[in-house]
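Here the structure is laid out as structure tokens; the discussion comes afterwards.
The values are calculated or read from the model by the stated rules, or taken from the named source; none is laboratory data. In this text, all values refer to a predicted model and were calculated from it rather than measured experimentally. Quick reminder, even Gly has a Cβ in these numbers, built from the backbone with ideal geometry, and neighbours come from all protein chains shown. Surface accessibility is based on the protein's heavy atoms, side chains included, excluding ligands, DNA and RNA. Shrake-Rupley method; radii C 1.70, N 1.55, O 1.52, S 1.80 Å.
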Amino acid sequence: MNYQELVDVYIRLDSTTKRLEKTEIIANFFKTIEDDSLYDICLLILGGVFPAWSDKELGIGDKLLIQAISKVVGISKISVEEEINAQGDIGIACEKLFSKKQQTTFFLKPLTVNFVFSSLQKLADISGNNSTNKKISIITELLSLASPSEAKYISRTIIEVLRIGVGEGIVRDAISQAFNVDKKITERSHMLTNDLGLVADVAKKEGENGLKKLTLTPGKPVKPMLAQLSSGIKESIKEMGKAICETKYDGIRLQIHRKNNEIAIFTRRLENITLAMPEIVKLIEECLPHFDFIVEGEVIATKNGKPISFQNILHRVKRKYNIEEAIENVPLKIFLFDVLFYKKPMIDEPLIERRNLLEDIVDLSNDDINLSKKIIGTCENIPEIESLFEESINENHEGIMIKDSKEPYIPGLRGKKMLKFKAEPETLDVVVVGGTRGLGKRGDFIGSYLVALKDENDELKTIAHVATGLDDETLEYLTSKMKEYEISQKDNKIFVKPKIILEIAYSEIVNSPEYEIGYSLRFPVVKSVRKDKGLDDIDTIERLKSMYKE
Ligand code: ATP
């Protein structure tokens, strides 16, 4: 299929904000695809070229893209930058520049979806000597064959900001609609494979029966099941009847896979961090049976045997060199709490069965590997659970988890069957989309950050500017990241790719026409930079509205 056909669909998707219309456009398009490009198209519509389980990224900064554009269009890099700043969007700027330029190669050979897809995939694998030139030459080749509208969307895909207001939910519904498959079945196969391209392909070729055969595969991470906030220990336990109450550790969540003889460790963002944690790999190798499995747990950093803040682990995760030294300076302990696969998928079993299995299979003779501390909570022993909470806080942990003992594991779901009860007030996870340069002492830094939440279509809507809670070190870090992710600048304002996630505390949610979302936050304060979270993890308007009502 020619890439221009996909671009025409992008343009139609861009012209409506209505979810149902977007779904209809994509479903109708999917039905017309006759060759083998459905997989590629699915991922391209989602703005990428790798399935969600893969941690590969294109990793192309705008500087490199600008260099390629300037080569193809035949103007200076500064002129390209000026156009981008004037338009406030690299895609629109690209389209304008390409339509002014009479390119001899235009339309000589139409770009195909497969060619665009495989060229972009190649970019992620280039490293080492001369990699910048190799990347520029791939991008230049693509752009030199592109029409102005194709150039608009290729450049946006390259910097990973497609901006057509299509998230996984819409594509999932479109697959169901196009291939006449029950939505629940599409949803389940997506949750188990984390690969919508594959789901679309199987739905098209084998229908519901094929989708039902898709399952969890060790080696491919799935989105973790997440927790809602408990309104109170007693109420939550009463509602569940029988709950597994556990210490909530303040570390990072790990999903640990064993496939054949290989152990792989993934974060909650599904990044593969196996190489950063050799001591955890060793522990798992020694203390769990040598069958295929997927287990989950929280890893915490310790000092003199006591837990310390989770920020310390983030340093461990990002580290690529001197790992031996880090192992000594920041010793880790892991607390396992769930098993998703053990010789076969286990997620449909009730939590209590999964926990029993975990207790059977883990050898706890090494102090660095533990199971999360657990007490079965019923209406009869509420004080015991309250003591677990107090003990958890006294030991520097975060609070407790209250989990319905009868429930299956549902990847990606943030539901009522798994709750957290913490000592700290509720916060919001937001993404930075822009910023304003500071005044006076803060003149070198971006002092104020424009932050956004997700709406029902996964589009970002601004909600506040936040400028407090930032020490000099954090300001310096954020300012350098803002430069790295810059899309455009105007006066003292900068707009960036939605990559930086902040956890924000505030005194009140108020109605406000000032921001796109229609609400704002009074006295917002940055509590932390959540390097462990991505765009998928930010809060939604729906959650904000329910918090506002409360
Ligand atoms: P928070 O910001 O409160 O950590 P979160 O958004 O990171 O929350 P939630 O799903 O809201 O994630 O809270 C559950 C998180 O708590 C898990 O993702 C996991 O990292 C952590 N955790 C710590 N101890 C446990 C435990 N015993 N069982 C499950 N999760 C635990």
Inter-part gap, Cα centre of segment 57-80 to Cα centre of segment 266-333, in whole angstrom, is 39
A 1.4 Å probe over the protein heavy atoms gives segment 428-549 a carbon and sulfur accessible-area percentage of 49
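Share of segment 226-422's accessible area from carbon and sulfur, percent, 1.4 Å? Please report the intermediate quantities before stating the final value.
Details: 4420 of 9240 Å².
For segment 226-422, the apolar C and S fraction of the accessible surface comes to 48 percent.
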Both in Å, the radius of gyration and Dmax of the C-alpha trace of segment 23-70 are 14.5, 38
Counting sequence-distant residues (5 or more places) and residues on other chains, those with an amide H built under 5 Å from that of Ala464 are Val451
Phi angles of segment 134-139, converted by Karplus (6.51 cos²θ - 1.76 cosθ + 1.60, θ = phi - 60°) into ³J(HN,Hα) in whole Hz with x for Gly and Pro, give 5, 5, 4, 6, 5, 5
Sequence order, segment 213-218: Karplus ³J(HN,Hα) from phi using 6.51 cos²θ - 1.76 cosθ + 1.60, θ = phi - 60°, Hz rounded, Gly and Pro as x, gives 7, 5, 8, 5, 10, x
Probe 1.4 Å, heavy atoms of protein chains only: per residue, the accessible area of the chain in Å² is 46
Dividing the mean separation of Cα pairs under 8 Å (6+ apart) by the residue count of the chain yields a relative contact order in percent of 14
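For Asn114 and Lys545, compute 0.36 nm times the residue count separating them, minus their Cα-Cα distance, and round to one decimal in nm. Intermediate results must be reported in sequence, preceding the final value.
Details: separation 431, 0.36 × 431 = 155.16 nm, distance 4.20 nm.
Using 0.36 nm per residue and subtracting the Cα-Cα distance, I get 151.0 nm.
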Pairs over 27 Å Cα to Cα, from Lys22/Lys493; Lys248/Lys303; Lys223/Lys545; Lys122/Lys344; Lys259/Lys333; Lys184/Lys333, come to Lys22/Lys493; Lys122/Lys344; Lys184/Lys333
Any aspartates and glutamates whose Cα falls less than 17 Å from that of Lys213, other than same-chain ones fewer than 8 residues away, would be Asp182, Glu187, Asp195, Asp201, Asp348
Calculated from DSSP helices alone, with each H run of at least 4 adding -39500 (n - 2.57) and the total divided by the residues of the chain, [θ]222 nm to the nearest 500 comes to -12500 deg cm²/dmol
So the number of lysine pairs in segment 399-487 with alpha-carbon atoms under 25 angstrom apart, 8 or more residues apart or on different chains, is 18
Per the 1/(1 + (r/R0)^6) rule, R0 = 51 Å and r from the Cβ atoms of Lys31 and Lys234, FRET efficiency to 0.05 is 0.45
The chain: spread of alpha-carbon positions along the three principal axes, whole Å, largest first, is 77, 63, 50
Here the convex hull volume per residue of segment 59-211, taken over Cα atoms and given in Å³, is 132
Which residues qualify? For Gly434, with a placed amide H closer than 5 Å and at least 5 residues away or on another chain, they are Leu450, Val496
Once both label points are put 7 Å beyond Cα along the C-beta direction, the Asp125-Lys56 separation in nm becomes 0.7
In whole angstrom, the spacing between the Cα centers of segment 340-412 and segment 3-50 equals 42
The alpha-carbon center of segment 101-174 and that of segment 195-233 are separated, in whole Å, by 28
Convex hull around the C-alpha positions of segment 351-461: the volume in Å³ per residue is 211
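Taking 0.36 nm per residue of separation and subtracting the Cα-Cα distance, what length does fully extending Lys344 through Ser480 add?
Values: separation 136, 0.36 × 136 = 48.96 nm, distance 4.54 nm.
Stretched out fully, the Lys344 to Ser480 stretch lengthens by 44.4 nm.
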Which residues qualify? For Leu254, with a placed amide H closer than 5 Å and at least 5 residues away or on another chain, they are Gly297, Glu298, Val299
Once phi for every residue in segment 474-482 is put through the Karplus expression 6.51 cos²θ - 1.76 cosθ + 1.60 (θ = phi - 60°), the whole-Hz ³J(HN,Hα) values, with Gly and Pro written as x, are 5, 4, 5, 4, 5, 4, 5, 5, 4
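Summarise the accessible area of segment 3-158 (1.4 Å probe, protein heavy atoms) by the percent that is carbon and sulfur. Write down the numbers at each step before the final one.
Numbers: 3530 of 6960 Å².
Within segment 3-158, the accessible surface is 51 percent carbon and sulfur.
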